[in-house]
Amino acid sequence: MSERTRTRTQVADVDRSLYDFTYSEEGYERYDDGLTPDIVRAISEKKDEPAWMLEMRLKALDTYHAKEMAPNWGPSIAGLDMDHISTYVSPRTKQAKDWDDVPDDIKNTFERLGIPEAERESLAGVGAQYDSEIVYHNMRDEVAKEGVVYTTIEDALHDPEWEPVVRKYFGTLIPPADHKFAALHYAVWSGGSFVYVPAGVTVEYPLQSYFRLNAEGAGQFEHTLIIVEEGADLHFIEGCSAPKYYEANLHAGAVELFVKDKARLRYSTIENWSKNMYNLNTKRARVGADAQMEWVSGSFGSHVSYLYPTTILQGDRSNCEFSGITFAGATQDLDTGCKVILNGAETTASVDTKSISKDGGCNTFRSSIVVGRHAANARASVSCQSLMLDDISRSDTIPAMDVRNATASVGHEATIGRISDDTILYLMSRGCSESEARTMVVGGFANPVSKELPLEYAVEMNNLIKLEMEGAIG
Amino acid sequence: MMPEHTIALERVNTPPAQTWNYLRANDISLMVPSRSRKGDVYFALPRLFGGVECGMGPQVTTWIESQSTDAQYVEVPAGQIRTEPIVASMDTGVMVRAGATATIVVCQDTKDAISQESAPLTSASLVRIIAERNAHVRVFEFVTATDVNQHVESVGIVAGKDAHIEVRQFFLGTQTSAAGLVCALDGNRSRLDLTCRYLARDTDTLDINHVVRQRGRLTRSEVHESGVLDGKAKKSLRATIDLIHGSSGSEGTELETVLMLSDDVTNKTMPVILCDEDDVAGNHGASIGTVAPEQIQYLRDRGLTHEEAEQLYVRALFDEALICAPNSAARDAVLRRATEVLGATVANDLIEGLGLSSLEEG
């Protein structure tokens, strides 16, 4: 067989100016770097929380200090030094219900990210978090009239009607002892969303929370708690971005989703953190009988990611669909995937993920499918496809399956490879440039995920891929 | 405190990349007996074999070397086609020189099992193979015995340019079996074809770790595992295809099919692809479940009971093992196990079908 030679194109820098802009932190309230009981108490006091929450925070802080990271786990987070991370930074502004009441620099930030426009055109409600606090929160009146609650966790804690609900659910699906960064989250959480959809209510338009971390050397620890009651239906979108700094930033949020019997929840995420971000986020859903959980996940940013949304299919005949795409470029080491636990009878799960690695970026896809003893006739399939765009990048797939019921059926398939020269040649012979041909192939590769998003977000995702690809072809 | 003459092999048989520890799928820990060899002279393998990575890891290599009476070194000269199978002992090194062909049989030998009151009766095999360019090596592994409690088998293979390695593994017995294999496809165009068949029943534990390191250019690996789990058996399979930087033009495929016959079995599967090179193709797949109802119905329509239909799959495992057995020791071992699992009548059917003589007839 003859030895082959291949030519490679130049790799240019990627233009991320859409996200890479900052405003001064002057006048902001910023707590000291590091983690101490005093800082935790100060956050709690600032929020005027009930005593049980402070107790939970302090216990979680102890757990954080006591827990070790597993030595055999994923990309290194040695660059993350909690002694140089401020866990609370807040603009001195009150939460607004009108964009005109939001300070100009913050408003401009969200304008540039297209949030108010998206709200006007296609959303039932928006929450916008800037550093550690929600600065804007609003929901359409007609949705509120149906009994839907969309507010911050802090506001829900101050509402006598909702405080018991928060207390009942908060920290139950992701316990503080779950892992080291879950413990950290519960110690210093701030901001996030509380959503309650009453039984039988279908929210026609999505709700969206957008998280922007502006401050350098800071962490964002928002908590999202969503309860979709029996027979209800909701689409929730989460977006996030940050400007690039040369100092590490940390995102350690938590998302707890309770999908009751016959309900449906779609949770979409477009994550575009800057490439100095450690994104150590935890997401988990518990799904009742005949209910449906859908995840759509696009991960483009971050320096290091540990992100594995978990679905517990507890109720019989419940269903989970996970569609995800991860794009790792230069300096990125993204460890992403999902976990599904099938406990109910006749539960079904379908996982379809894509990953693209280029410019020395590293992608690791991890999954676990666990079929419990009582999950009679459960069905699960996992498909993972990875595309390598050059020979300095890396792509690993590490799936695991644990099946304990003989009537269950579990299938898994994965492929890793590059865009074939034949495909590029075919497209070029029909008039495309090499750059267009490659972008077209990558776009087609990502299409099964982007088509699951609402149009404007699909456009954003496609733009992100195009943006990244521009750098790859040179 | 550790009982005297016992060693704990902690977290051995690990794959190069690991999953969540709470799944308990990354490794196995074993208590093994340790017989004192104080004052003995041990004839070790040539130092070259120390660089061969073995499937169960260095802890197991050290333990087996410490328990074996002597290492067995076999060299097949360049260009020679050796028809007589090489029967591996507890610690074996085989050098297959350029262009040579060799067959190696690793048949669980319970005569040499290590016995100490404080630990399970344990048999063990450590086999290291270096296949030079153009060599063709066939490796047959049979684990069938039930007169020991535990079996540990660690294999390491290094393949040179254009070398072809074929491995057939049959794990059909022993209460606790742990087996690891690493094949390093170092030479350009070297190739591995690995098939692994297993049966775990009653309270058996089977732990398998397959690793293919594809370093050379244009290398190929085909790894196919399949088996049957019954009773309260527990099985873990870790299969890793490691496409190392520089392995341009290489391809690796791994497939597993698991048949679960009981709700009390535990099946863990971890098929991993590590890819550090773009001009490669890595594929894996797994299918885990029971016999499709329509297939069972088809067989029932032809007069078989549900159980008989399922036993056909078990019988097929033994059928294949018998066909593959390259020497009488391996064949007798498979037949003994077939008799225990399927009964004497079916075992005799198997050998008659293959035109072989029964155990009694010798």
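Give region A:423-441 a look and list any residue that's of a type in the set (D, E, K, R) and in a helix (DSSP H, G or I), or say none.
If we filter region A:423-441 for residues that are of a type in the set (D, E, K, R), which is where we start, we get A:430, A:434, A:436, A:438.
Hits for region A:423-441 are A:GLU434, A:GLU436, A:ARG438.
Scanning region B:260-290 for residues that are among the charged types (D, E, K, R) and within 7 Å of chain A (Cβ to nearest Cβ), which turns out nearest to A:ALA400 (Cα to Cα)? Lay out the reasoning, then the answer.
Just the residues of region B:260-290 that are among the charged types (D, E, K, R), to begin with: B:263-264, B:268, B:276-279.
Right, trim to within 7 Å of chain A (Cβ to nearest Cβ) and you get B:263, B:268, B:276-279.
On the way: B:ASP263: 19, B:LYS268: 7, B:ASP276: 21, B:GLU277: 23, B:ASP278: 24, B:ASP279: 26 Å.
Within region B:260-290, the match that is nearest to A:ALA400 (Cα to Cα) is B:LYS268.
Please indicate, with yes or no, whether at least one residue in region A:85-96 is among the charged types (D, E, K, R), assigned by TED's automatic domain parsing to the domain that holds A:ALA187 and at pLDDT below 90.
In the first step, residues of region A:85-96 are kept if they are among the charged types (D, E, K, R); the result is A:92, A:94.
Now narrow it down to the ones that are assigned by TED's automatic domain parsing to the domain that holds A:ALA187: A:92, A:94.
Remaining after also requiring at pLDDT below 90: A:92, A:94.
Checked region A:85-96: at least one residue is among the charged types (D, E, K, R), assigned by TED's automatic domain parsing to the domain that holds A:ALA187 and at pLDDT below 90.
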- Note on the structure: Result of the Cβ filter at 8 Å on region A:152-170, keeping first residues that are over 21 Å from A:VAL126 (Cα atoms) and partners that are among the aromatic types (Phe, Trp, Tyr) and buried (at least 20 other Cβ atoms within 10 Å of the Cβ), at least 6 apart or interchain, is A:VAL165/A:TYR196; A:TYR169/A:PHE258
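Which fully enclosed strands (runs of 3 or more DSSP E) of region B:12-97 have 3 or more residues being in contact with a Cys (Cβ under 7 Å, 6 or more places away or on another chain)?
Working: elements: B:28-33, B:72-76, B:91-96.
Counting at least 3 such residues, we get no strands (runs of 3 or more DSSP E) at all.
Take the residues in region A:320-358 that are part of a strand (DSSP E or B) and among the basic types (Lys, Arg); name whichever of them is farthest from the other protein chains (Cβ to nearest Cβ). Walk me through how you get there before you give the answer.
The first filter runs over region A:320-358 and keeps only residues part of a strand (DSSP E or B), leaving A:320-328, A:333-342, A:348-357.
Cutting the leftovers down to among the basic types (Lys, Arg) gives us A:339, A:354.
Numbers: A:LYS339: 8, A:LYS354: 14 Å.
That would be A:LYS354.
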- Query: Which condition number does A:GLY79 fail, the rest of (1) surrounded by fewer than 21 Cβ atoms within 10 Å (Cβ to Cβ); (2) in contact (Cβ under 8 Å) with a residue 40 or more places away in the chain; (3) part of a helix (DSSP H, G or I); (4) not acidic (Asp, Glu) being met?
  - Reply: (3)
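Restricting attention to region A:126-148, which residues are in a strand (DSSP E or B) and buried (at least 21 other Cβ atoms within 10 Å of the Cβ)?
Going through region A:126-148, the residues in a strand (DSSP E or B) turn out to be A:126-130, A:133-139.
Within region A:126-148, A:VAL126, A:GLY127, A:ALA128, A:GLN129, A:TYR130, A:GLU133, A:ILE134, A:VAL135, A:TYR136, A:MET139 qualify.
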- Message: Restricting to region A:93-117, count the residues that are in contact with a Lys or Arg (Cβ under 9 Å, 6 or more places away or on another chain) and of a type in the set (S, T, N, Q).
- Response: 1
- Message: Kindly evaluate A:MET440 against the criterion of being free of Cβ contacts under 8 Å to residues at least 12 places away in the same chain and more than 8 Å from every other protein chain (Cβ to nearest Cβ).
- Response: no
- Complete set of residues in region A:40-77 that are closer than 21 Å to A:PHE170 by Cα and touching a Ser or Thr at 6+ places or on another chain (Cβ under 7 Å): A:ILE43, A:MET53, A:LEU54, A:ARG57
- Task: Return the residue satisfying two criteria in turn: it lies in region A:222-237 and is closer than 20 Å to A:PHE110 by Cβ and surrounded by fewer than 24 Cβ atoms within 10 Å (Cβ to Cβ), and of such residues it is modelled with the highest pLDDT.
- Result: A:THR224
- Message: Can you pull out every residue in region A:81-101 that is under 28 Å from A:ARG112 (Cβ atoms) and hydrophobic (A, V, I, L, M, F, W, C)?
- Response: A:ILE85, A:VAL89, A:ALA96, A:TRP99
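B:ILE296: within 14 Å of chain A (Cβ to nearest Cβ), of a type in the set (Val, Ile, Thr), part of a helix (DSSP H, G or I) and surrounded by 14 or more Cβ atoms within 10 Å (Cβ to Cβ), yes or no? Before you say what the answer is, go through the steps one by one.
Details: within 14 Å of chain A (Cβ to nearest Cβ): yes; of a type in the set (Val, Ile, Thr): yes; part of a helix (DSSP H, G or I): yes; surrounded by 14 or more Cβ atoms within 10 Å (Cβ to Cβ): yes.
Yes, satisfied.
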- Task: Just give me the residues in region A:359-373 being in a loop (DSSP other than H, G, I, E, B) and either within 9 Å of another protein chain (Cβ to nearest Cβ) or under 22 Å from B:ASN21 (Cβ atoms) (or both), in sequence order.
- Result: A:GLY372, A:ARG373
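Which residue, of B:ALA333, B:ALA325, is in contact with a Ser or Thr (Cβ under 8 Å, 6 or more places away or on another chain), among the small types (Gly, Ala, Ser), more than 7 Å from chain A (Cβ to nearest Cβ) and farther than 25 Å from A:ARG379 by Cβ? Step through it out loud before you land on a result.
Working: B:ALA325 fails: in contact with a Ser or Thr (Cβ under 8 Å, 6 or more places away or on another chain).
After applying the criteria, what remains is B:ALA333.
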- A:GLY298: passes all of (1) under 24 Å from A:HIS179 (Cα atoms); (2) surrounded by fewer than 24 Cβ atoms within 10 Å (Cβ to Cβ); (3) away from chain B (no Cβ under 14 Å) but (2)
- Read through the list (1) more than 20 Å from the chain's Cα centre (by Cα); (2) within 15 Å of B:VAL127 (Cβ to Cβ), then give the number of the only condition that B:GLY99 fails. (2)
- Item | Top-ranked residue in region A:388-434 [being surrounded by fewer than 17 Cβ atoms within 10 Å (Cβ to Cβ) and among the acidic types (Asp, Glu); ranked as farthest from the other protein chains (Cβ to nearest Cβ)] | A:GLU434
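Could you tell me which of the residues B:THR257, B:THR305 is farther than 25 Å from A:ALA375 by Cα, more than 7 Å from chain A (Cβ to nearest Cβ) and without any contact (Cβ under 8 Å) to a residue 60 or more places away in the chain? Walk me through it before giving the result.
Details: B:THR257 fails: farther than 25 Å from A:ALA375 by Cα.
On inspection, the qualifying residue turns out to be B:THR305.
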- Is one or more of the residues making up region A:167-190 out of contact with any Lys or Arg (no Cβ under 8 Å at 6 or more places or on another chain) and among the basic types (Lys, Arg)? yes
- Query: Name the pairs: first residue in region B:1-26 and more than 13 Å from every other protein chain (Cβ to nearest Cβ), second residue loosely packed, with under 14 Cβ neighbours inside 10 Å and of a type in the set (Lys, Arg), Cβ to Cβ under 9 Å, at least 6 apart or on different chains?
  - Reply: B:HIS5/B:ARG35
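B:ARG97: over 22 Å from B:SER66 (Cα atoms), among the basic types (Lys, Arg) and surrounded by 18 or more Cβ atoms within 10 Å (Cβ to Cβ), yes or no?
Values: over 22 Å from B:SER66 (Cα atoms): yes; among the basic types (Lys, Arg): yes; surrounded by 18 or more Cβ atoms within 10 Å (Cβ to Cβ): yes.
Taking the combined requirement at face value, the residue satisfies it.
The values are calculated or read from the model by the stated rules, or taken from the named source; none is laboratory data. What you are looking at is a predicted structure, and each value in this text was computed from that prediction instead of being measured. Neighbour counts are summed over all protein chains in view; Cβ atoms, including those assigned to glycine, are modelled from backbone coordinates with ideal geometry.
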